[in-house]
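Each remark here refers to the structure printed beneath this line.
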Amino acid sequence: QVHLVESGGGLVQPGESLRLSCAASGFTFSTYAMRWYRQAPGKERELVASITNSGGSTNYLDSVKGRFTISRDNAKNTVYLQMNSLKPEDTAVYYCCAFKIGCRGWGQGTQVTVSS
């Protein structure tokens, strides 16, 4: 059973950085693509970044390109989201998803708040 636990969120000022982590268990991590989504209050959940099972290919939401980097460590069953130059519009709950023909499981999310 897919089990995902996100961590690393917090309150930061505009321009600062955060690194989110998503620890995975209960499935063969190296065979799943992984995704980070976010959901701001009153808005639909949106896909922020994705990475293939090997880590060889990544994709990003246009508004985060050049600022966010998704990576994974298959030996540690963990996917990361490095977020630099954070903006107030990045404020949301961030979720990771194990993806194989759809999201097979979600974590509980981690809150990211960017405010001065």
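List of remarks:
- Looking across the range 28-56, the residues that are within 15 Å of Gln82 (Cβ to Cβ) and modelled with pLDDT of 95 or more come down to Met34, Trp36, Arg38, Val48, Ala49, Ser50, Ile51.
- Single residue of the range 1-27 satisfying the filter (at pLDDT 95 or above and among the β-branched types (Val, Ile, Thr)) that is nearest to the chain's Cα centre (by Cα): Val5
- Residues that are touching a helix residue (DSSP H, G or I) at 6+ places or on another chain (Cβ under 9 Å) and either assigned to a strand (DSSP E or B) or crowded, with 19+ Cβ neighbours inside 10 Å (or both) within the range 92-110 comprise just one, Ala98.
- Of all residues in the range 63-85, those satisfying the criterion of being within 25 Å of Pro41 (Cβ to Cβ) and either without any contact (Cβ under 8 Å) to a residue 60 or more places away in the chain or crowded, with 22+ Cβ neighbours inside 10 Å (or both) are Ser63, Val64, Lys65, Arg67, Phe68, Ile70, Val79, Leu81, Met83.
- Complete set of residues in the range 12-40 that are touching a residue at least 60 places away in the same chain (Cβ under 8 Å), farther than 11 Å from Thr110 by Cα and aliphatic (A, V, I, L, M): Val12, Leu18, Ala24, Ala33, Met34
The values are calculated or read from the model by the stated rules, or taken from the named source; none is laboratory data. Only a predicted model underlies this, so the values are computations on that prediction, with no experimental measurement involved. All Cβ positions, even for glycine, are placed from backbone atoms using ideal geometry, and neighbour counts span all protein chains on display.
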